[in-house]
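The values are calculated or read from the model by the stated rules, or taken from the named source; none is laboratory data. As the structure is a prediction and not an experimental result, all values here were calculated from the model. Neighbour counts run over all protein chains shown; Cβ positions are idealised from the backbone, glycine included.
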Amino acid sequence: MKNIIKILSFIFLCQGLNGQLELPYASSILHGNYINPAHVDRDSVIHFTFLNREQWNGAVGTPSSQVLGALFPLDENSKLGANIFRNASGVQSRFTLDMNYSYLLRVNEARLRFGLVASFQQGKKDFTKQNVLLIDPLESDPVIEEGIYSFTSFNTGIGMHYRNGIFGFGISLPRLLANRIGLFGSDKVSNNTPLFANVTVNAPIGRGSTLKNRLHLQFDSDQYSLLQYYIAYNYRGQMDAGVQLNSQITNGFGLQSIDFLIALAIHRDFSLGLSYGVPLSPINQVSPGSFEVFLSYAFRRDY
C-alpha cells in the first residue's frame, strides 16, 4: 500500500513538474561540449568523457541518463567530437548521436571558437512497462501497435564560445529544427529551439587557488526556462568543490534544487566528478534527490 501511494503521488506531482526533466547535467560545468559544440576544455588532447545521472532517486519511472563523449583534434585549430546519449524516463527511452565540429580563432590572448552539431535520434515509448502508468493506453489508442511506439529524427545546431583570461562566455542553439528531439531526453523541449548561454569568471584568490563563478541560462520562449548560478573553490587545478542553484524562471522566479559538486584530478589526465542534487520543489515528497557521476580522460597530443 505504501508503494502504491508513492506511485500515485509521483504521477500526480509530475503533471506540474514535467519541465524538471530538462534540468541540464550538473557535469556540463565540467564539460560544456554536452550543450555547446564550440566548447572545448583542452585543445591539444584526445578527450573522452562518461556521465551517468539518476534523477529523483527512489521514485517510479524517473529519468536516467548516460552519455559517452569524445573530442579529437584535427589540427591546432580544429576539433571533431561526438556524444552518445541514452535517456530513459517512464515509458520512454531514447538514443541520440551528436556529431560536432569546432574551429578556433586566436585574437591576441583571447580564444574564440565556433561550432556546428548534427544530431540523429531514435526513440520509443513502451506502454507495456509495469508500474509506470495507471491506465492502459492500448484500450483507447488503436494507433499504438502492440504497445510500442517508435520514432527517429534529425536535428542540427550551432554554438560559440569565447575565453580571455579569467572571463568566458558561451552561447548555443543545439536544436535548431522544430521536431521531437529534447536535448536531455524528455518531450518537454521537443517542438522549439531552446537557447543556452553562460558567463564564467574565474578569479584568482592566491596560493594557486581560484574562485569559479558561472551564470547559466536555458531559455525556452514556449515552455521551460532555467537560470543557474554555480560557485566553486578550485585548488591548483586539482580539485573543484562547489554549489549550484537551479531556478525556474518560466512563471516568476522559483528555486527548484541545489546541486553539490566535487571534482578531483586523480591523475593529470584523469578526473572524477560527483554531484548530488537536493530537490526543493514538491518532488522532494517522493525523492531525496538526484545523483550524478562524471569521468574524464585525456590522451595528450603535441603538435
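Data table
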{"read-out": "Residue check, residue 105 within 18 Å of residue 44 (Cβ to Cβ) and either crowded, with 18+ Cβ neighbours inside 10 Å or hydroxyl-bearing (Ser, Thr, Tyr) (or both)", "value": "no"}
{"read-out": "Residue list for segment 85-120, restricted to those being over 18 Å from residue 67 (Cα atoms), small (Gly, Ala, Ser) and in a strand (DSSP E or B)", "value": "102, 110, 115"}
{"read-out": "Answer residue from segment 161-197, given it is more than 28 Å from residue 112 (Cα to Cα) and polar (S, T, N, Q) and is modelled with the highest pLDDT among those", "value": "179"}
{"read-out": "Yes/no for residue 249 being modelled with pLDDT under 90, of a type in the set (Val, Ile, Thr) and surrounded by 19 or more Cβ atoms within 10 Å (Cβ to Cβ)", "value": "no"}
{"read-out": "Complete set of residues in segment 74-97 that are crowded, with 19+ Cβ neighbours inside 10 Å and more than 23 Å from residue 283 (Cβ to Cβ)", "value": "79, 81, 83, 96"}
{"read-out": "Cβ-Cβ under 7 Å pairs, at least 6 apart or on other chains, segment 151-176 side closer than 15 Å to residue 101 by Cα and surrounded by fewer than 17 Cβ atoms within 10 Å (Cβ to Cβ), far side of a type in the set (Gly, Ala, Ser) and at pLDDT below 90", "value": "none"}
{"read-out": "Hits in segment 28-53 - residues which are assigned to a loop (DSSP other than H, G, I, E, B) and either without any contact (Cβ under 8 Å) to a residue 40 or more places away in the chain or out of contact with any Phe, Trp or Tyr (no Cβ under 9 Å at 6 or more places or on another chain) (or both)", "value": "39, 40, 41, 42, 43"}
